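In what follows, a single structure is set out as structure tokens and then discussed.
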Ligand SMILES: Nc1ncnc2c1ncn2[C@@H]1O[C@H](COP(=O)(O)OS(=O)(=O)O)[C@@H](OP(=O)(O)O)[C@H]1O
């Protein structure tokens, strides 16, 4: 354990900003960087040789859908691209296995007590799963109203003391959990929050992961004989007590170090399945070179400082070079001193990387004349490939320390464990956007990057590197091949996007609900019933796919947002209709939920389900009616029993019959992008036998008022054998011959086979 008492005597203040009022100097003091007592960090490899049968996914039990820590946990997982599923504690357990595989590699409890107080049956089931699949548990102790001293954690030889205020956090360098996080330093100063829990173990299964001490000002009333005694704030359970490994946090994720330890715990407990890479690329763009206003531009000594900072960063990030974006037109547009700065930049061309900005620094969407834009763009070929850049908290006008939004301490916070530090921790490739003016004046950018890089070296085992933009581009898309594909978001969700989009566009020209299918469940009938509603309107028909647009699946998606929106009427003031779109192939399209939620996150979803066996048979009959040779040559039974070695066209027909019917699988995918109350499931048999009631339910779900009285507009047509639209008083208009076909009943053996398959 660290001897904190001794260390405090020669305390250096970690969170101390040196030089307020003057030009700031990077203030990160760190033992390993000063070279004094270099304790090499050990990045443990958590991968195991054991043949694991778990998916790299986290199951998170939250208190409620809105609880704060639960949201923070989800956010952290999203930032790190770790797959997860959220469940509300106290309800029944989700299915944990899929055939012979565990569906989750780690279980997280936002509130550990929910795990400890779980009903016996579920607790046994969960523990059994953890033991059988070598899955560990992470738990957070929530703040409690009463102060417990030496209270036993229900059923474990572990005692807690709650409601403490702490300071000076340090890590157990011997802990096998440390991978991303580097031990050896102390984060001096108060830890956020006043309700920390600390642990006292009474079993060899426990090993501390981090410590802190009580706050100086609280020690007078304390019973602790040793005032600077380190108290365990995060503890590891090696599983020697009951066969399950755990990591327990004495506080939430507010403290930056806990975010790192949480990621390390996921990596450790999943046996490396959820390890994030330790390689980090950093590139810093300096935009607007030569563009800054007179009086805010770089002078000669600023350029010198820039070069010196770059050299110091190179010690920590080999090969690091600032990437300068210039607009040539503004060269020498400063005062005499600043023009010398411009000259010096050019004298040192080779020290930096360069990219060309728009020649005259005008944003492309502001050009009225396309030819002129093309001509100007031709000067900027290099600029064509642009990667998403992260913000580093420095903007064009962030030039003086005293004016930093939130004050200088805020800037230090983002560097020392805060947003900027976390951005680099969570993103393998970081391209930051800064501006020339950030490097003159108070030189905030030099300060910021040197400090954050030092802080990273101090507290993490990340390996920092750099590379030119195009190489980073290639690496980025190698790492995230799914991002090569565009995902259209809603431009109106961000004012800046809306501004550069188009002046005469409105985001009201998008559907408010989607009928997602699947095919053959009655989607056309539903479409017709909805279209009868005076307040609801669907899209204009497509020349290729008729009433369906089929945008979110298939090739149409690449035609872009404008193409999609042109299918919808521009809503007129006051008479806006409830727009919807029906494409029955959306239901089972792999990419559809992700794409749909990116554009229409608030949309409601409507699906119709019938027996998957009947659905499969209806599809088979549909393909026969279209004279599909496979369907004509093979019986339904032959199709659904075709093996994986059968001819391709037969396998394809089998898949089209069976796959959309895997309802649970497809709905689960939709529900990773939409919350359950956005989804309405229609019973397809009810739609057929009692469409009036079905439509009433749907209107209630869509909250459409006044409700349309379908009983006056739908009537059973004995000739068609289905409900049809009433027109001209006593006539009916039914769907065409292709909907509600006449065909022989399904063979008993096929039906039975599909029923058995559904159950297994
Ligand atoms: N009112 C009404 N009129 C006609 N048909 C009705 C109606 N309600 C439900 N159904 C059932 O809808 C089935 C066709 O489903 P879809 O429209 O989803 O098919 S498609 O995917 O668009 O091809 C169709 O399947 P088949 O009977 O196999 O033709 C019908 O059973």
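Quick note: the coordinates plus some simple rules give every number you see, no bench work behind them. Since the model is a prediction, treat every value here as computed from it, not as a measurement. Cβ placement follows ideal geometry from the backbone for every residue including glycine, while neighbour counts extend to all protein chains displayed.
Taking neighbour counts of Cβ atoms within 10 Å as a proxy for exposure, in what order, fewest first, do 76, 306 appear?
Least to most surrounded, the residues fall as 76, 306.
Which order do the peptides 285-293, 62-70, 747-755 take when ranked by the mean count of other beta-carbon atoms within 10 Å per residue, highest first?
Packing proxy ranking, top to bottom: 285-293, 62-70, 747-755.
Suppose R0 equals 51 Å; then what is the FRET efficiency for residue 88 and residue 747 from their Cβ-Cβ distance, rounded to the nearest 0.05?
With R0 = 51 Å, the Cβ-Cβ based efficiency is 0.70.
Once R0 is set to 30 Å, what does the formula 1/(1 + (r/R0)^6) return for the Cβ-Cβ distance between residue 559 and residue 720, expressed as a FRET efficiency to the nearest 0.05?
It comes to 0.25.
State, to one decimal in nm², a quarter of the convex hull surface area for the C-alpha atoms of the stretch 533-604, i.e. the direction-averaged projected area.
Its Cα hull, projected and averaged over all orientations, spans 5.4 nm².
Taking neighbour Cβ counts within 10 Å as the exposure measure, how do 268, 710 sort from fewest upward?
So the residues, fewest neighbours to most, are 710, 268.
Rounded, prolate or oblate for the stretch 226-273? Axes are the square roots of the Cα gyration tensor eigenvalues, ordered a ≥ b ≥ c, and the cut-off for rounded is a/c under 1.5.
Here the stretch 226-273 falls in the oblate category.
Just to be sure I follow: if Rg is taken over the C-alpha atoms of the stretch 644-741 and Rh is the Kirkwood radius over the same atoms, what is Rg/Rh? Numbers along the way, then the final one.
Working: Rg = 18.4 Å, Rh = 16.8 Å.
With Rg and the Kirkwood Rh in hand, the quotient comes to 1.10.
Could you sort the peptides 457-463, 370-376, 579-585, 532-538 by per-residue average Cβ neighbour count (10 Å cutoff), highest mean leading?
Going by the mean number of other Cβ atoms within 10 Å, highest first, we get 579-585, 457-463, 532-538, 370-376.
Just to be sure I understand: of the beta bridges DSSP finds with both ends in the stretch 49-183, what percent are antiparallel, rounded to 5?
Within the stretch 49-183, antiparallel bridges account for around 25 percent of the total.
Please state the relative contact order of the chain as a whole percent: Cα pairs under 8 Å, 6+ residues apart?
Once normalised by length, the contact order is 10 percent.
Would you please put 180-190, 118-128 in order of how densely packed they are, using the mean number of other Cβ atoms within 10 angstrom per residue and starting with the highest?
The most tightly packed comes first, giving 180-190, 118-128.
Please report, to two decimal places, log10 I(q)/I(0) for the chain at q = 0.05, 0.06, 0.07, 0.10 Å⁻¹ as given by the Debye formula with identical point scatterers on the Cα atoms and no solvent.
Rounded to two decimals, the profile gives -0.36, -0.51, -0.69, -1.18.
Please give the contour-minus-distance gain from residue 25 to residue 733: 0.36 nm per residue of separation, less the Cα-Cα distance, rounded to one decimal in nm. Please report the intermediate quantities before stating the final value.
Numbers: separation 708, 0.36 × 708 = 254.88 nm, distance 7.97 nm.
Length gained between residue 25 and residue 733: 246.9 nm.
What is the stretch 127-283 by shape, rounded, prolate or oblate, if you read a ≥ b ≥ c off the alpha carbon gyration tensor as root eigenvalues and call it rounded for a/c under 1.5, prolate for a/b larger than b/c, and oblate otherwise?
Since a/c reaches 1.5 but b/c is at least a/b, the shape of the stretch 127-283 is classed as oblate.
What residues from the stretch 274-290 fall in the zone where the backbone N is under 16 Å from a label point 7 Å along the Cα-to-C-beta line of residue 467?
277-284
Starting from the Cα of residue 194, step 7 Å along the direction of its Cβ; do the same at residue 648; then give the gap between the two resulting points in nm.
Placing both labels 7 Å along Cα→Cβ, they lie 7.0 nm apart.
Give the relative contact order (percent, whole number) for the stretch 467-621; include only Cα pairs under 8 Å separated by 6+ residues.
Worked out over the stretch 467-621, it gives 36 percent.
Could you compute the FRET efficiency for residue 202 and residue 67, with r as their C-beta to C-beta distance and R0 at 30 Å, rounded to 0.05?
Here the calculated transfer efficiency is 0.45.
Hey, how many Å between the Cα centroid of the stretch 657-702 and the Cα centroid of the stretch 496-537?
About 17 Å separates the Cα centre of the stretch 657-702 from the one of the stretch 496-537.
For the stretch 439-479, what is the per residue volume of the convex hull drawn over the alpha-carbon atoms, in cubic angstrom?
Taking the convex hull of the Cα positions in the stretch 439-479, it is 86 Å³ per residue.
Enumerate the residues in the stretch 526-547 having an amide nitrogen under 20 Å from the point lying 7 Å beyond the Cα of residue 711 toward its Cβ.
529-530, 532-534
Antiparallel DSSP bridges in the chain: what percent, to the nearest 5? If you can, show how the numbers build up before the last one.
Details: 37 of 89 bridges.
Percentage antiparallel, nearest 5: 40.
Let me make sure I get this right: for the stretch 421-495, a, b and c are the square roots of the gyration tensor eigenvalues over alpha carbons, sorted descending. Under 1.5 in a/c it's rounded, otherwise prolate if a/b > b/c, else oblate. Which is it?
Because a/c hits 1.5 or more and a/b fails to exceed b/c, the stretch 421-495 counts as oblate.
Is any residue of the stretch 173-190 close enough, with backbone N under 14 Å, to a label point placed 7 angstrom from the Cα of residue 419 along the Cα-Cβ axis, and if so, which?
Under 14 Å, as judged by backbone N against the label point of residue 419, lies no residue of the stretch 173-190.
For residue 697 paired with residue 329, estimate the spin-label separation in nm (one decimal), with each label point 7 Å from Cα along the Cα-to-Cβ line.
The answer from the label model is 6.2 nm.
Could you check the spin-label model distance between residue 219 and residue 484? Points 7 Å from the Cα along Cα→Cβ, value in nm.
Placing both labels 7 Å beyond Cα along the Cβ direction yields 6.0 nm.
Quick one: 484, 284, fewest Cβ neighbours within 10 Å first, how do they rank?
484, 284
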